[in-house]
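To start, the structure under review is shown below, and the notes come after it.
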Amino acid sequence: MCGIIGYIGDNDVAPILLDGLERLEYRGYDSAGISTINRNGDIFTTKAKGKIEQLRKKVKSEYKDISTIGIGHTRWATHGKPSDRNSHPHMSMDGRFSVVHNGIIENFSELKADLQNEGVIFASETDTEVVAQLLAKLYDGDMRSTIMKTLKKLKGAYSLGILCKDFPNEIWAVRNASPLIIGLCENQNFLASDITAVVKYTKSIYQLDDGEFARLTRDNVEIFAPTGEKISKNIVKIDWDVSAAEKGGYQHFMLKEIMEEPEAIAKTISPRINDDNSINLDGINLTAEQIKNLKKICVVACGSAWHVGMVGKYVIEELTRIPVEVDLASEFRYRNPIIDENCLCIAISQSGETADTLAALREAKSRGARILSIVNVVGSTIANESDDVLYTWAGPEIAVATTKAYSTQLTLVYLLALYMAQALDKIDDKEYNEIINAIRSLPEQVASILEQKDEIKELAKRYAYLEHAYFIGRNLDYAVSLEASLKLKEISYIHSEAYAAGELKHGTISLIEEGTVVCALCCCDRLFEKTVSNIKEVAARGAETIAVISESSPNVQLECDHKIYVPSTHELIMPSLEVIPLQLMGYYIALARKCNIDKPRNLAKSVTVE
Ligand code: F6R
């Protein structure tokens with residue numbers, strides 16, 4: 001949801017900003033812009049609607065001067081349609097300030113009206129411009145106090161990068177409920193929404209907490225508490241390499257990330273399973289006593305992470321017999337949920353910054369629930385605000401459509417369910433070891449499915465012109481069909497729906513006609529025959545059918561147009577295998593349709609607005 005970057009150092013700033021923005025483009029790609037302070041002390045701004053490529057062309061023709069200080073922005077439009085005018089950076093009317101912003105200023109209408117009454121003329125429809133105009137209005141010659149006075153007026157979520165022409169050797173950074181890091185380097189410093197923008201230059205960062213702000217110069221970074229006092233922070237070291245955030249020869253990040261799944265799963269599970277099969281959940285302090293006192297578990301998440309929660313419901317209930325509710329975070333936060341201290345709230349999020357998930361977490365916390373989060377981005381807000389954190393070690397996920405984060409989240413759900421089942425004495429050694437061994441085998445089994453990618457690519461070509469698709473399944477197969485359907489629709493723009501297979505005949509089957517494609521997930525052996533009946537029902541009405549089947553599936557006659565086989569494993573772990581060919585299928589269908597796979601229209605990777 002918008003990416004921001006800032007640089008101060010000895011080097012020509014424009015290429016550095018453009019390169020950083022390209023790495024942040026997954027956060028939003030409606031428009032982009034940069035501001036620099038040029039040699040005669042003026043702020044020079046260039047912006048362009050569209051992708052960074054457009055901005056790059058404009059910068060090439062407009063930039064005559066070399067500058068070593070600047071800020072940049074790539075936008076996911078909220079207030080005001082994508083246009084040059086609404087692109088960031090936004091300047092104050094007097095030309096003194098330039099601001100880039102990620103987040104939403106909730107009270108911008110009131111602030112804007114007040115400023116307009118005082119004669120300020122706005123150049124855009126954005127909420128962000130209010131910040132630039134307020135800074136100019138409250139300016140007292142001292143940046144620290146001007147920023148503090150401005151922040152007092154703002155409500156909402158914001159990370160900001162600020163340039164002031166009176167201070168041509170410093171950039172100011174502010175964080176409040178939107179992600180922001182500061183990258184530390186010799187003779188140069190950075191601010192960015194995300195490490196990926198700066199990992200090429202440095203692996204040492206500061207993570208600002210809510211309300212904190214910072215002054216960056218070429219040689220120094222000073223950090224201030226919301227009260228204005230200078231504070232010291234620990235430097236965080238990033239342990240992954242720049243290659244992790246590059247395509248490495250793949251046409252798209254999405255395919256690279258699918259191919260990385262065996263390794264990502266191995267990294268996530270290996271440190272957590274001891275040689276004797278016991279589970280070691282680093283980062284959680286949930287005691288056996290606390291688990292025994294749990295009356296309910298509520299999972300809150302959005303999108304694919306919510307789909308992981310749907311798998312979690314089946315797995316956790318099956319193994320622990322603790323009731324599990326799975327809520328869309330955006331619904332949970334407004335539904336007056338029945339939660340108390342005997343409830344464990346599990347928040348699942350790749351980015352750790354999703355606004356609704358964060359709000360749901362806070363809601364559950366305020367009602368006394370313990371918060372356990374499953375998060376990919378280390379030090380993110382959701383991780384910071386949780387009592388217990390389980391990190392997925394998936395590495396950076398750049399493609400907007402999640403794949404390896406989804407798969408690693410699943411593995412942590414299995415481990416957590418087993419851990420709790422053992423604490424509750426609800427599982428015998430035989431089943432425990434069977435499931436642990438199944439989890440251990442996942443990297444190898446996932447790799448074996450990925451070897452079939454060329455066959456799936458061939459099959460996908462057949463569906464390049466598809467208009468509607470349905471994914472059906474029962475139980476865990478249903479939970480996975482939700483993800484398979486989302487994967488297809490979000491990157492290929494094919495209308496797709498997921499249905500519990502038994503529910504189809506309660507209305508939706510009327511949409512099935514000659515040629516409609518129905519993909520049935522049939523990996524739950526217990527329910528195989530039931531789903532086979534549903535396949536027959538849709539085939540009888542003209543549907544073209546695809547079945548995803550486990551190699552151990554019962555020997556029942558299954559007539560369908562295409563079969564995709566996956567290796568067999570313990571029934572509860574099956575989602576991790578059956579999702580893989582469907583991620584590939586979504587990818588290859590989108591490829592055949594020449595879609596913008598890594599950056600699908602209207603989407604952004606990290607949804608930090610409500
Ligand atoms: C779909 C997808 C989204 C995210 C959702 C939550 O492929 O990636 O549905 O799962 O926006 O994001 P996080 O996990 O960052 O909270």
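Laid out as a table, the results:
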quantity: Unique residue being under 30 Å from A245 (Cα atoms) and within 13 Å of the ligand (Cβ to nearest atom) when the list is L390, L361, L372; calculated: L361
quantity: Tabulated pairs, the stretch 139-163, first touching a residue at least 40 places away in the same chain (Cβ under 8 Å) and among the small types (G, A, S), second part of a loop (DSSP other than H, G, I, E, B) and crowded, with 17+ Cβ neighbours inside 10 Å, C-beta under 7 angstrom, 6+ apart or interchain; calculated: A157/A177; A157/S178; A157/T608; S159/S178; S159/P179; S159/L180; S159/S193
quantity: K461 vs. criteria away from the ligand (no atom under 16 Å from the Cβ), under 26 Å from the mean Cα position of the chain (by Cα) and surrounded by fewer than 22 Cβ atoms within 10 Å (Cβ to Cβ); calculated: no
quantity: Scan of the stretch 39-49 for residues that are over 16 Å from P15 (Cα atoms) and in contact (Cβ under 8 Å) with a residue 24 or more places away in the chain, ordered by number; calculated: R39, G41, D42, I43, K49
quantity: Filter pass, P567 being touching a helix residue (DSSP H, G or I) at 6+ places or on another chain (Cβ under 7 Å) and within 28 Å of Q350 (Cβ to Cβ); calculated: yes
quantity: Filter result for F122 (under 19 Å from Y7 (Cβ atoms) and among the aromatic types (F, W, Y)); calculated: no
quantity: Residue match in the stretch 272-281 (condition: over 28 Å from D429 (Cβ atoms) and in a helix (DSSP H, G or I)); calculated: no
quantity: Spans of strands (runs of 3 or more DSSP E) in the stretch 7-80 with at least 1 residues in the same structural domain as N107 (by TED's automatic domain parsing) and over 26 Å from R215 (Cβ atoms); calculated: 31-37, 43-49
quantity: Whichever residue in the stretch 157-170 is buried (at least 24 other Cβ atoms within 10 Å of the Cβ) and not hydroxyl-bearing (S, T, Y) and, among such residues, is farthest from I43 (Cα to Cα); calculated: A157
quantity: Test: residue in the stretch 87-103 that is modelled with pLDDT under 95, acidic (D, E) and surrounded by fewer than 18 Cβ atoms within 10 Å (Cβ to Cβ); calculated: no
quantity: Check on S481, assigned by TED's automatic domain parsing to the domain that holds V566, of a type in the set (S, T, N, Q), modelled with pLDDT of 95 or more and touching a strand residue (DSSP E or B) at 6+ places or on another chain (Cβ under 6 Å); calculated: yes
quantity: Members of the stretch 468-495 found to be without any contact (Cβ under 8 Å) to a residue 40 or more places away in the chain and either closer than 17 Å to I535 by Cα or not in a strand (DSSP E or B) (or both), listed by number; calculated: S485, K489
quantity: Elements of type helices (runs of 4 or more DSSP H) contained in the stretch 392-464, each with 1 or more residues being farther than 30 Å from S193 by Cβ and of a type in the set (S, T, N, Q); calculated: 404-423, 429-450
quantity: The lone exception for E431 - which of (1) closer than 13 Å to R272 by Cβ; (2) more than 16 Å from the ligand (Cβ to nearest atom) it fails; calculated: (1)
quantity: Odd one out for I512 among (1) closer than 28 Å to V315 by Cβ; (2) at pLDDT below 95; (3) of a type in the set (A, V, I, L, M, F, W, C); calculated: (1)
quantity: Qualifying positions in the stretch 272-283 - exposed (fewer than 12 other Cβ atoms within 10 Å of the Cβ) and under 14 Å from T411 (Cα atoms); calculated: N280
quantity: Matching residues in the stretch 478-534 - criterion: being away from the ligand (no atom under 14 Å from the Cβ), under 34 Å from the mean Cα position of the chain (by Cα), among the hydrophobic types (A, V, I, L, M, F, W, C) and surrounded by fewer than 24 Cβ atoms within 10 Å (Cβ to Cβ); calculated: I494, A500, L504, I509, L511, I512, V517, L527, F528
quantity: Residue within the stretch 568-582 that is within 16 Å of the ligand (Cβ to nearest atom) and either in contact with a Lys or Arg (Cβ under 7 Å, 6 or more places away or on another chain) or aromatic (F, W, Y) (or both) present; calculated: yes
quantity: When residues of the stretch 337-386 are limited to those that are in a strand (DSSP E or B) and of a type outside the set (A, V, I, L, M, F, W, C), the one surrounded by the most Cβ atoms within 10 Å (Cβ to Cβ); calculated: S349
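Here is a yes/no grid of residues against (1) within 21 Å of H73 (Cα to Cα); (2) over 23 Å from the mean Cα position of the chain (by Cα); (3) surrounded by 22 or more Cβ atoms within 10 Å (Cβ to Cβ):
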{"position": "W172", "(1), (2), (3)": "yes, yes, yes"}
{"position": "F190", "(1), (2), (3)": "yes, no, yes"}
{"position": "R215", "(1), (2), (3)": "yes, yes, no"}
{"position": "E222", "(1), (2), (3)": "no, yes, no"}
{"position": "E229", "(1), (2), (3)": "no, yes, no"}
{"position": "N234", "(1), (2), (3)": "no, yes, no"}
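The values are calculated or read from the model by the stated rules, or taken from the named source; none is laboratory data. Computed from a predicted structure; not experimentally measured. Because the Cβ atoms are built from the backbone with ideal geometry, glycine has one as well, and the counts that use them run over all protein chains shown.
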